[in-house]
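Below is one structure, written out as structure tokens; the observations come after it.
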Amino acid sequence: QDFFKADQLAADKDNVLVKTEQNALTKSFPNYHLDNEFNFSPIRESTVSRAMTRRYFADLDKYAESDIVIVGAGSAGLTAAYYLGTRRPDLKIAIIEASVAPGGGAWLGGQLFSAMVVRKPADAFLREIGVPYEDEGEYVVIKHAALFTSTVMARALSLPNIKLFNATAVEDLIVKADQDGNQRIAGVVTNWTLVSLNHGLQSCMDPNTINAHLILSATGHDGPFGAFCVKRAHQAGLVPDLGDMRPLDMNRSENLIVKGTREVYPGLVVSGMELSELDGANRMGPTFGGMMFSGIKAAQEALKVFEE
Ligand code: AHZ
């Protein structure tokens, strides 16, 4: 309850900093009695094991057929997840993230610096999710990138229609004919990331699958895992030659990435820096409004597919 109250207060543009601080001051806190009489409630070890595994396997079962699979939980993927999850609570959305820690490259603002710069008008999204910032005119500054990343993650993961499978890599795409005989992306092939990284060491480690109506890929720019879906789609002859990410130009790149966010092949919407590999867009470096708005545009493009 308090979570959402804070959210509403923070959405008030003019008082964004003052009111969130006041909310913290007026909150009532429980008393914690941690003296020598203190004991946790008893538990059996197998109960802990079952509490985790029952839910995990129930989720694997539930999300084996998903409406949308989001690949990559960086700033673009998490923003898309939050937007889709709030606007369409009827859709079942799985997020597949290769790393143990979701968040991608958005835990720091740039180099090893904390503050995160967001160009206007993406400040509107910060107000929606309740992230305080300093207004610098053309841009705003969040005091720590981790405040944005942890907030958008908490907002998305607390939604009942979203499940994050982290430490899990997308290894391939499912491509097949739809009911009209047209080829489309129809799901993803997954594996534990630790398994994906060790295919060369074992003879047989077959993957798992998720069927979905739409894949929203936000795997970032090229790297050990990055730009995965566009690279695989290119190998499979589904998209034309890759453009390769161009050098840094903040003014060009953020606009290009947002405008270029689209369904690149039936059933595959691409968002964030993965697009720069496909379109040969410039990188933007340490400014994050383009990732947020690309996530929102990708979610809007995905919803169009559901409305068709
Ligand atoms: O682990 C990856 C990261 O968390 C994840 N990922 C990549 N390949 C995957 C796969 N299966 C599952 N095959 C996979 N997950 O995708 C996430 C990408 O996050 P990101 O922060 O790298 O991408 P983004 O597009 O959301 O944000 C990019 C922000 C920028 S701009 C920039 C520059 O211009 O230099 N650098 C960064 C990091």
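The values are calculated or read from the model by the stated rules, or taken from the named source; none is laboratory data. Note that the structure is a prediction, hence the values are computed from the model and not measured. Here the Cβ positions follow ideal geometry from the backbone for every residue, glycine too, while neighbour counts run over all protein chains shown. These area figures cover heavy atoms from the full protein model, side chains too; ligands, DNA and RNA do not enter into them. Shrake-Rupley method; radii C 1.70, N 1.55, O 1.52, S 1.80 Å.
Brief remarks follow.
- Treating each Cα of segment 225-306 as an identical point scatterer and summing with the Debye formula, the log10 of I(q)/I(0) at q = 0.11, 0.12, 0.22 Å⁻¹ comes to -0.26, -0.31, -1.00.
- Label sites at GLU65 and VAL100, each approximated as a point 7 angstrom past Cα along Cα to Cβ, lie 3.5 nm apart.
- Each principal axis of the Cα atoms in segment 64-203 has its own extent, and those three values, largest first, are 53, 40, 26 angstrom.
- Part-to-part distance (alpha-carbon centres) for segment 28-84 and segment 161-193, which is given in Å: 23
- Here the spin labels are modelled as points 7 Å beyond Cα on the Cα-Cβ line, and at ALA154 and ALA124 they lie 2.5 nm apart.
- The chain - percent of accessible surface contributed by carbon and sulfur, probe 1.4 Å: 54
- Among 52-59, 220-227, sorting by the average number of other beta carbon atoms lying within 10 angstrom of each residue, highest first, gives 220-227, 52-59.
- Scoring 210-216, 164-170 by mean Cβ neighbours within 10 Å over their residues and listing the highest first yields 210-216, 164-170.
- Antiparallel content of DSSP bridges confined to the chain, in %, to 5: 55
- Radius ratio Rg over Rh of segment 101-175, counting only Cα atoms, Kirkwood formula for Rh: 1.06
- Viscosity 1.002 mPa s, 20 °C: Kirkwood-radius Stokes-Einstein D of segment 179-244 over Cα pairs, µm²/s: 154
- Beyond 29 Å in Cα-Cα separation lie the following of the pairs LYS143/LYS297; LYS176/LYS297; LYS27/LYS62; LYS62/LYS143: LYS27/LYS62; LYS62/LYS143.
- When only the Cβ of Lys, Arg, Asp and Glu is charged (+1, +1, -1, -1), the dipole of segment 68-195 relative to its Cα centre reaches about 260 debye.
- The protection proxy used here, the mean number of other Cβ atoms lying within 10 Å of each residue, ranks peptides 233-241, 248-256, 28-36 as follows, highest first: 248-256, 233-241, 28-36.
- MRE, 222 nm, helices only [DSSP H, n ≥ 4, -39500 (n - 2.57), over the chain, to nearest 500]: -12000 deg cm²/dmol
- Residue-normalised accessible area of the chain, given per residue in Å² at a 1.4 Å probe: 53
- Just so you know, the averaged projected area of the alpha carbon convex hull for segment 21-81 sits at 8.9 nm².
- Using the Cβ-Cβ distance between TYR32 and MET52 with R0 set to 25 Å, the FRET efficiency from 1/(1 + (r/R0)^6) comes to roughly 0.45.
- From phi via Karplus (6.51, -1.76, 1.60), per-residue ³J(HN,Hα) for segment 68-76 in Hz, x at Gly/Pro: 9, 10, 9, 9, x, 10, x, 5, 6
- The chain: C-alpha pair distances exceeding 36 Å, %: 22
- Listed residues ARG88, ARG262 arranged by accessible area, highest first, probe 1.4 Å: ARG262, ARG88
- Counting Lys and Arg as +1 and Asp and Glu as -1 over every other residue whose Cβ lies under 14 Å from the Cβ of VAL48, the net charge comes to +3.
- Charge dipole (the chain, unit charges on Cβ, about Cα centre) - positive-most of HIS33, TRP192, VAL270: HIS33
- Gained length - PHE40 relative to CYS204, 0.36 nm times residue gap less alpha-carbon distance: 54.7 nm
- Cut-off 13 Å between beta-carbons: net charge of the residues surrounding ARG119, Lys and Arg +1, Asp and Glu -1: -3
- Once the chain from ASN251 to GLU138 is taken as fully extended at 0.36 nm per residue, the excess over their C-alpha distance is 39.4 nm.
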